[in-house]
Each structure stands twice: as C-alpha cells, then as structure tokens.
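Here is the structure we will look at.
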Amino acid sequence: MATETLLKTNKHSKYISYRKILYHRFFVGLLLFIVVSLVFTVLFNIYAGSSPRTEIYEPVSLDLVSLQVTKIKINAPYSAPRYTNCTYWSCFNVYKCGRGGHDKITIYIYPLREYRTEEDRLISQLSKEFYEILDTIRHSKYYTANPEEACLLVPSIDTLNQNTFSSKHVSQALQSLQYWNNGENHLIFNMLPGGAPNYETVVDLNTSKAIIAGSGFNTWTFRYGFDISIPLYSDVARGIDNTQPEQKNFLIISTQQNIPEDYLAELQNIASSSNDLLLLGNCKTESNRIDHTKRCEYTTGRIFNYPDILKEGMFCLVVRSARLTQSVLMDILASQCIPIIIADTIVLPFNSHVDWHRLSLYLPEDNIKNLLRIVHSVSKERRGELYWQLRWVYERYFATIEKITLTTLEILNEKVFPLAARMYEDWNMPEHLYGPVNPLFLPVTAPKSPGFTAVILTYDRVDSLFTLIKKLVRTPSLTKILVVWNNQKKPPPPSSDWPVINKPLKVIRTKENKLSNRFYPYDEIETECQLTIDDDIIMLTPDELEFGFDVWREFPDRIVGFPSRLHVWDNVTSSWKYHSEWTNQISMVLTGAAFHHKIWSWYYTYKMPVEIRTWVDDHFNCEDIAMNFLVANVTRKPPIKVTPRKKFKCPECTNTEMLSADARHMSQRSACINKFTKIYGHMALKAVEFRADPLQYRETNSGVPQLYPDIGSL
C-alpha cells in the first residue's frame with residue numbers, strides 16, 4: 001500500500017515538473033521575442049536615419065533678378081467673386097492649422113513670379129511695400145516652406161494699390177494658383193482700394209473666400225471677425241523724426257487735401273472766427289502744379305512746410321473724403337499730434353485690438369460745427385494721456401511695414417488660437433504709462449483670520465525698535481514680525497536681548513543699506529497684508545493698528561495708513577511740489593506706517609521702472625512716494641488715510657540726525673515727484689478728500705461701547 005502511494009506521488013511530481021518546464025520555456029521564448037523585436041526596431045531606425053535626407057521644401061526665394069514668367073491666357077477661368085458674408089466658420093478651414101502641435105499659425109508664400117498676359121503685359125507691378133511684406137513674413141516665426149502644413153497662404157501677387165494691377169487678369173492668376181481652392185485660407189493684402197470716381201472701400205478683385213488685410217474699409221464692406229483693417233502706409237510718415245517743439249503753437253490743425261466742400265465750408269467758418277483752428281490747403285507752384293511739401297492757409301495765404309507743421313498742433317483733423325482712408329492719419333500719428341476723426345463709417349486700423357478711444361477723439365460728421373467746444377472740453381490730463389498713448393501705439397504697431405505686417409499676423413494668430421491671445425491691457429496699456437494690470441482680484445472684504453505681517457526697517461535704533469515690537473504684539477491681528485536690519489557695519493543685538501513676545505519674529509540682514517529693502521518680497525511674508533512701519537513709530541496704539549487693518553480689508557488693493565501727504569502744482573515754477581501741511585485732500589500715505597498687499601512689494605522690486613528704484617537708492621529718499629506712484633498708476637485709485645491722528649513723531653524724537661529733519665528734505669521730495677512724473681509720462685497720483693474713522697470715535701457719551709476706544713486725536 002505504501003509502495004502504491006509512493007508511485008502515485010512520483011507520477012504527480014513528474015507531471016508538475018513537466019508543466020513548470022513548459023511555462024518556463026514559454027515565458028523565456030516570449031522574452032526573447034520581445035528583445036529581438038526591440039533590437040530589430042532600433043537597428044532599423046538607426047540605419048534608416050543614417051541615410052542622407054533631402055529637403056523637399058525649400059524656403060521661398062525673393063530674388064528679383066531671375067523671376068519665372070507665367071503667362072495668363074485670355075480665356076483662363078476667373079476666381080469666384082468676393083464672399084460678402086464670410087466668417088471663420090464658413091470660409092476658413094481651421095483644421096489646417098496647428099498640425100505641428102503648436103499654438104501658432106503657419107504661413108506659406110507662393111513662389112515669386114512675373115505674371116504677364118498673352119500680349120506680354122505685366123498684370124501687376126511689384127512695389128517696395130509689398131516686397132517688404134513678403135520679406136517680413138518670410139523671416140517671421142509664422143513662416144513655413146511646406147504648403148501642405150500651412151494654415152494660411154499668401155499669393156505673391158502685389159494687390160496693394162488698385163491702380164497698379166489689372167483686376168481681370170489678377171483674378172485669373174489667383175484661380176491658377178495650385179492651392180487656391182476657392183480662396184480658402186488665403187490672405188490678400190490691399191492698402192488703396194477702388195479708384196476714381198467711386199473709390200470703393202474694398203479692393204475690386206475676385207477674392208472668393210480669401211481674408212483681406214486692407215485699409216479703406218467702411219462698416220458695410222468690412223467683414224467683422226474675418227477681415228483685418230490695416231493702415232494706409234505713408235512714405236511721408238517714415239521720414240518724420242521723434243523731435244518735438246517745446247510747445248504746441250496751435251490747438252487744432254487741418255492739413256488734409258480734398259476735404260468735401262460742405263465740411264470745408266464749416267471749417268472755414270470756424271477758422272475765420274477763431275485762431276484755435278489753423279486751416280491749410282494746397283499750395284500751387286508757378287506752373288500751376290500742387291506742391292505736396294507745402295500747405296497754404298485759406299484765410300491769409302501763409303505758407304507752411306509739410307509735414308513739419310503737424311508737430312505744431314495739439315490736435316489734427318482727419319475728415320472723411322472721397323477716399324475714406326487717408327495717408328494723413330499716419331502722418332499725424334508720426335508727428336505726435338492727437339487725431340480728431342470725423343468719419344462716421346470708417347473702420348480704423350487694427351480696430352479689433354487697438355482701442356482708438358485711448359489715442360484719438362471721435363467727432364460725428366453732423367456735429368462738426370461744435371468742433372471747438374468739444375476740443376476745449378478735453379482736460380489737460382486727458383490731452384496728456386492721448387498724447388503719450390498715440391506715441392506708443394504708433395511706434396509699436398504702425399511705424400514701419402514690418403510692424404504693420406507682424407501686427408496683422410499676430411491678430412490672425414489670435415483669431416485662430418484664441419487661448420493664446422494677449423489681453424486687452426497688453427495691446428493697449430503700456431506698463432511705462434499705466435503700470436501693470438491690477439493683479440488683485442480679491443473679495444470685496446478680505447478675510448480677517450490670516451492677519452498681517454509687520455515689516456520693520458531699522459538701522460541701529462534698538463531702544464525704539466524694542467518698544468515698537470512690544471506695542472505691535474498687543475495688536476490682535478498681528479501674525480508675524482519681520483525686522484529688516486539695514487546696517488551692514490553693525491550686527492543686530494543677540495537673541496537674549498530681544499523682548500520676549502508671543503508672536504513669531506524673524507531678523508533679516510540686508511547686503512546693502514537701501515531704503516528699497518523695506519519693499520523686497522521676502523518669503524517670510526506669508527500673509528496677504530503687510531504693515532510697513534518705521535522703527536521710530538512708537539506712538540500708534542493697538543486699536544489704531546487693528547482699525548487700520550480692518551480698513552485695509554475693505555480696500556485690499558490700496559495703500560491704507562496713517563501719515564498722509566499731498567502733491568500740488570506750483571504755477572510759479574511750473575512743477576509739482578510735495579505738500580506736508582494739514583489739508584482736507586491727500587494723495588499719498590507714507591509707508592512709514594501703512595498697510596498694503598504684499599504683491600506691491602513684488603511689483604516694486606521687479607515691475608516698477610528701474611529708473612525710479614535707482615533714484616530712490618541713490619538719493620536715499622522717496623521710497624514711500626515711489627510706492628504711492630506705483631499703486632496709483634496700476635489701480636487708478638487714491639490711498640486711504642485712517643484715524644484723525646496728525647502727529648507721528650514723539651516729543652523726544654526731535655533728533656536733528658533724522659532724515660526728515662534735513663533742511664533739504666522738502667525740496668528733495670518735490671524733486672522726486674517731478675522725476676517720477678516724467679518717468680511715468682503723466683501724474684499718476686490721485687487726490688481725494690476722504691478719511692476712515694471708527695463710527696463712535698468722538699461720541700464719548702453715546703452709551704454705545706466702542707470697538708476701538710484707544711484712537712489718537714488731532
């Protein structure tokens with residue numbers, strides 16, 4: 001029996017061993033198969049990649065020496081007429097874009113050729129401007145030499161000027177293009193549409209579904225969201241430099257030629273009754289030819305040089321005429337004269353992205369008789385904003401053919417890839433004029449629970465520093481104290497000498513003695529709100545500090561503090577002055593004792609103009625004025641003063657060594673205001689008559705318990 005059991009066991013063991021062998025062989029074979037497959041794949045790729053490749057698509061050649069001639073037969077088919085209701089959904093194939101996995105359009109330029117009729121006549125003359133457009137596209141980040149991966153295709157046929165090409169033959173040439181496909185995803189450039197006597201506002205050409213980047217559009221012919229309105233380039237504007245006269249001698253200047261008679265009559269009536277309008281017309285030579293470099297006054301016949309006279313005007317007129325778009329608009333912008341546009345149906349260049357209300361005035365055509373009244377109503381501040389904006393817009397978008405072309409391509413790119421588009425502020429609000437976009441999208445009232453961090457800038461006044469720390473820790477909402485030790489020659493006191501407090505305290509030693517160190521965005525500042533305070537401001541009570549923090553919670557994007565100042569204009573010196581007397585108005589809250597969002601410290605360090613920070617560090621003054629300029633420039637809002645306290649220096653602190661005791665202090669502060677105004681290009685500070693006080697701070701016998709009883713008085 002035992003022998004029989006042993007035999008059965010041996011048979012079972014042999015069966016299990018045999019099955020294990022089969023499994024082992026299977027998995028070993030599978031592993032070998034995978035390894036061999038991988039090796040084969042790698043070797044194939046190596047040998048395939050090592051063979052020389054030929055570039056199939058070469059960049060287009062813009063060599064004008066030996067152009068290939070293409071003859072257009074007389075019976076060649078025409079392209080279809082322009083689709084008047086095109087949109088990006090009906091006339092544009094967006095699926096041709098983004099094939100490379102990136103978020104930018106790709107543009108293909110057809111090979112440059114010389115198109116001729118069967119009679120050997122050129123059907124289009126290549127202009128310098130159109131060549132610059134092609135060359136700009138060719139060297140831009142959007143260019144591709146592969147038509148198969150192109151999102152947009154640009155025919156190399158010059159259609160800029162309606163008078164230099166044959167519409168009939170160009171329509172035939174477009175139809176002959178290899179990838180025309182009824183104009184889908186094609187881009188046509190045009191600057192001078194139509195001709196006498198009708199002067200159509202869109203190019204007279206069978207463009208089918210093609211996008212038109214053109215000037216001269218009116219609101220009827222412009223396909224919103226599809227076409228691109230570009231400026232009519234002016235060779236005259238190219239020769240205008242940036243120099244400006246010391247002052248503008250004329251309020252309004254009109255140098256435009258071919259103004260309609262009814263509008264001209266209205267302007268003549270205004271010019272004859274007021275010296276505020278200088279109305280100029282054509283000047284003729286002895287041979288009765290028009291001299292385009294001169295302009296003559298209608299009333300006196302005085303002769304002025306053109307375009308030099310444009311620089312003498314604060315405002316310059318652009319009036320609708322037979323051709324809706326005039327090159328004088330670019331001349332006016334280049335001359336830094338604020339345009340007054342009197343053309344109801346005009347579609348201005350890059351209107352989808354450039355806000356023309358920021359750099360020009362609109363005047364309805366039927367209101368031209370009120371021209372002077374409307375211009376006189378524009379404040380000095382508004383004129384300054386318009387002036388500086390137009391300078392920036394012209395230099396950025398209109399100054400050269402290259403900038404016009406690249407702006408056109410960027411707008412097209414944003415239409416195709418809207419998620420990659422820039423914000424309105426990026427297109428229209430230069431940081432050197434307006435500062436960055438207000439970054440604080442905060443709730444109406446910031447939460448109280450996180451509290452605030454006190455940042456104390458100190459040098460060596462240890463006694464007042466310790467006194468201040470002991471008072472600060474009695475403020476309920478204080479979270480942390482950060483001491484910025486600005487003395488590189490003397491170390492801070494040892495830890496054993498510091499007061500024992502129940503709040504975290506950190507000492508940071510700076511590398512250089514700079515006032516800007518108080519606004520460095522230290523990582524230790526973990527709360528949204530920071531209290532910037534000097535080491536000698538020891539008279540503030542915990543109630544005043546707590547109330548100041550509560551006020552900041554309601555105005556988290558502003559500077560909220562205690563000592564206030566004002567900027568005033570001095571008519572004698574024609575400059576701004578720093579005013580420290582007690583007044584109803586304030587425009588600055590000194591950061592010797594002020595609450596502000598910690599992001600302003602980051603903006604002060606990294607986004608504020610470097611010239612201002614350098615000025616502060618070199619003169620060891622005005623860092624608080626610089627911060628007020630920064631915040632007001634971004635938010636367009638004044639600071640908030642809290643509590644009625646007027647005096648901040650205690651009687652025993654009248655040390656003649658203090659910075660504020662210097663006799664030159666006030667003049668330096670005034671110099672700072674004028675310097676910062678010049679750097680920003682306008683007066684950024686905003687004055688306000690407002691002060692925040694606790695509700696019952698003066699009602700001693702009201703019977704209502706006060707939340708902040710210990711508030712200082714005048």
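The values are calculated or read from the model by the stated rules, or taken from the named source; none is laboratory data. Keep in mind that what you see is a predicted model, and the values were worked out from it rather than measured. Here Cβ is always computed from backbone atoms with ideal geometry, including for glycine, and neighbour counts include all displayed protein chains. Note: areas computed on protein heavy atoms with side chains; ligands, DNA, RNA excluded. Shrake-Rupley method; radii C 1.70, N 1.55, O 1.52, S 1.80 Å.
If CYS316 meets every condition in (1) more than 17 Å from THR243 (Cα to Cα); (2) at pLDDT 95 or above; (3) open to solvent by 20 Å² or more (accessible area, probe 1.4 Å) apart from one, which number is that one? Result: CYS316 fails condition (3) only. Restricting the range 377-419 to residues that are farther than 26 Å from SER215 by Cα and in contact (Cβ under 8 Å) with a residue 24 or more places away in the chain leaves a set whose member that is nearest to the chain's Cα centre (by Cα) is GLU385. Within the range 361-388, track down each residue that is open to solvent by less than 50 Å² (accessible area, probe 1.4 Å), within 27 Å of TRP569 (Cβ to Cβ) and assigned to a loop (DSSP other than H, G, I, E, B). If the condition is that a residue be open to solvent by less than 50 Å² (accessible area, probe 1.4 Å), within 27 Å of TRP569 (Cβ to Cβ) and assigned to a loop (DSSP other than H, G, I, E, B), then VAL378 is the only one that fits. When you scan the range 406-424, do you find a residue that is in the same structural domain as ASP103 (by the TED database), at pLDDT 85 or above and within 23 Å of ASP241 (Cα to Cα), even just one? Within the range 406-424 (the criterion being in the same structural domain as ASP103 (by the TED database), at pLDDT 85 or above and within 23 Å of ASP241 (Cα to Cα)), the answer is yes, since at least one residue qualifies. Checked against the criterion of being closer than 12 Å to VAL642 by Cβ, surrounded by fewer than 18 Cβ atoms within 10 Å (Cβ to Cβ) and touching a residue at least 12 places away in the same chain (Cβ under 8 Å), the candidates GLU512, GLU544, GLU526, GLU554 yield just one match: GLU554.
Can you confirm whether the range 345-357 contains a residue that is surrounded by fewer than 21 Cβ atoms within 10 Å (Cβ to Cβ) and part of a helix (DSSP H, G or I)? There is at least one residue in the range 345-357 that is surrounded by fewer than 21 Cβ atoms within 10 Å (Cβ to Cβ) and part of a helix (DSSP H, G or I).
Results for (1) open to solvent by less than 60 Å² (accessible area, probe 1.4 Å); (2) part of a loop (DSSP other than H, G, I, E, B); (3) closer than 30 Å to VAL416 by Cα, shown as yes or no for each residue.
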site: THR201; (1), (2), (3): yes, yes, yes
site: LEU205; (1), (2), (3): yes, yes, yes
site: GLY216; (1), (2), (3): yes, yes, yes
site: TRP220; (1), (2), (3): no, yes, yes
site: TYR224; (1), (2), (3): no, yes, yes
site: LEU232; (1), (2), (3): yes, yes, yes
site: ALA237; (1), (2), (3): yes, no, no
site: ASN242; (1), (2), (3): no, yes, no
site: LEU251; (1), (2), (3): yes, no, no
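To keep it simple, each residue is scored yes or no on (1) within 16 Å of THR405 (Cβ to Cβ); (2) open to solvent by 20 Å² or more (accessible area, probe 1.4 Å); (3) in contact with a helix residue (DSSP H, G or I) (Cβ under 6 Å, 6 or more places away or on another chain).
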position	(1), (2), (3)
PHE130	yes, no, no
ASP135	yes, yes, no
HIS139	yes, yes, no
GLU149	no, yes, no
LEU153	yes, no, no
LEU160	yes, no, yes
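Residues in the range 479-509 that are among the basic types (Lys, Arg) and either farther than 17 Å from LYS598 by Cβ or part of a loop (DSSP other than H, G, I, E, B) (or both) were compared, and the one that is least open to solvent (accessible area, probe 1.4 Å) is LYS503.
Taking the criterion of being open to solvent by 50 Å² or more (accessible area, probe 1.4 Å) and of a type in the set (Lys, Arg), the residues of the range 557-602 that qualify are ARG565, LYS577, LYS598. Pairs linking a residue in the range 170-187 that is assigned by the TED database to the domain that holds LEU409 and closer than 15 Å to ILE105 by Cβ to a residue that is of a type in the set (D, E, K, R) and not in a helix (DSSP H, G or I), with Cβ atoms under 6 Å and 6 or more positions apart or on different chains, are GLU184/LYS209. Can you say whether ILE270 is surrounded by fewer than 22 Cβ atoms within 10 Å (Cβ to Cβ) and either outside any loop (DSSP other than H, G, I, E, B) or in contact with a Ser or Thr (Cβ under 7 Å, 6 or more places away or on another chain) (or both), as far as the supplied structure shows? Judged against the criteria, ILE270 is a match.
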